[in-house]
Structure formats: structure tokens, C-alpha cells
Amino acid sequence: MSRATRADVVTLLTAEGAATEEAEAIVVALERAELNPPQMRRWLADSARAYTVSVGATVHGVDLKQVPTHAIEAGRADAVQDAAERFAAAAPEERMLCLTFLCDLDAVRRLSRGEDERLQLLCEAAGLLRGKLKKDIAVNEALQTTLSGNFDDTTRLVDWMSDDRLAEAVEALRTGAIDVVELRKRGPLHFVGW
């Protein structure tokens, strides 16, 4: 719903089971995060592009996360409100990276390690990726595509960005040494987290 209004977002949240006060608090937090209503709807409900929230459950040591509307439907509006508040309190660069890479703040902070220089390199990488691929879903897929083109070596661009090769990864994007359009076309995707 590209023309969603603020009222539509509140209605979406209450229809999923949030109390009116909870829905309002979530929307207010997302407004503070500078999201417009269509962006809020994506953040909350888009199955491929939503911001996932922790619901306090783990399986084999892995934190389970849900699309916010699914979490609300499961009675966890509090987790969604907490995530929205945390997202709103984050730096604008961190929020931009979450929206461009389609990941949560924890993933961005693992990539940046809390270092301003790394955060700026990540922002540059996001700009380069978005410039070539245009859509956030395409950026996410390119980041999670194996560089080798197979599953023998499952190293992905996001893996380079998460370790000490971030500067090398950005340089490869700058120079075209990694052609992300071709990388994404070639595949394969290897979704194993951030």
C-alpha cells in the first residue's frame, strides 16, 4: 500500500492485536525515526523487507526474530514497541543501513563495531550498492550471494564487510572489481545471517 496514511498504520497494528496506545507509541517512534507511513508499513509488515524483532525466544542458541505484525499477532506488541524505540534512537546512518541492507540494528552494529570509520565505509558501500542495484531487496541479495558462485566457498560480500576486509570490499565496489549486478545474477544466495 504505497499510499498508506498514519491512520492506516495504526489500524494495521490494532487489527493485528496491538492496543490503541501501543499502536500509537509504535507509530510515534517510527515518526521520530523519520519514516513516512508507507515506509512504516514496510518496516512493520512486508514479508521480505520488514525490520525483524526479537521475541525473546531462542532455538539452538539462535535468537528467533519475527516480522513486527507477526510478533504483535503473537501477543508481543511490547517487543515491537521496544524495537521501534531502539530504531528511532539509533543514528541516522545506522537507520539508513538497516533500510538499505534489510537488516536490524544488531547486524549494523556488528558490521560497524561501533567505529565511526567503519560506519562511514558501510554508508559508502550502501550508496554504491544502491546506485548499482536500485532496490533494497537487490542490495540484500547481492550482499548474501557467494563471491565464488558456488557453495564450495560460501564467502559473501557481507562476510568481507563484517571482518577486517571492509575497506577492501568498499574499494572493490568503487572500482568495479566486484560487479554486484553480475554477482547477484550469477548467485547462489547463501542466507546464513549477518
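The values are calculated or read from the model by the stated rules, or taken from the named source; none is laboratory data. Computed from a prediction, not measured in an experiment: that's the story for all the values here. Every residue, glycine as well, gets a Cβ built from its backbone with ideal geometry; the counts of neighbours run over all protein chains shown. All accessible areas refer to the heavy atoms of the entire protein, side chains included, with ligands and DNA or RNA removed. Shrake-Rupley method; radii C 1.70, N 1.55, O 1.52, S 1.80 Å.
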Exercise for the section: Could you check, for segment 41-51, whether at least one of its residues is among the aliphatic types (A, V, I, L, M) and either modelled with pLDDT under 95 or not assigned by the TED database to the domain that holds residue 25 (or both)? Expected result: yes
Completion exercise
For residue 128, the lone unmet condition from (1) assigned to a loop (DSSP other than H, G, I, E, B); (2) touching a helix residue (DSSP H, G or I) at 6+ places or on another chain (Cβ under 9 Å); (3) more than 22 Å from residue 46 (Cβ to Cβ) is (1)
Handout entry: Selection from segment 151-189 of residues that are under 18 Å from the mean Cα position of the chain (by Cα) and modelled with pLDDT under 90
Key = 189
Practice task
Return the total of residues in segment 133-181 being exposed (fewer than 13 other Cβ atoms within 10 Å of the Cβ) and without any contact (Cβ under 8 Å) to a residue 24 or more places away in the chain.
Solution key: 9
Handout entry: segment 1-13, subset among the aliphatic types (A, V, I, L, M) and assigned to a helix (DSSP H, G or I), residue nearest to residue 78 (Cα to Cα)
Key = 13
Practice task
Quick one: which helices (runs of 4 or more DSSP H) lie wholly within segment 14-81 and hold at least 3 residues that are in contact with a strand residue (DSSP E or B) (Cβ under 8 Å, 6 or more places away or on another chain) and open to solvent by less than 70 Å² (accessible area, probe 1.4 Å)?
Solution key: none
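Which is charged (D, E, K, R) and in contact (Cβ under 8 Å) with a residue 60 or more places away in the chain, of 95, 118, 86, 76? Please lay out each step first, then the result.
On the way: 118 fails: in contact (Cβ under 8 Å) with a residue 60 or more places away in the chain; 86 fails: in contact (Cβ under 8 Å) with a residue 60 or more places away in the chain; 76 fails: in contact (Cβ under 8 Å) with a residue 60 or more places away in the chain.
Within the list 95, 118, 86, 76, the selection yields 95.
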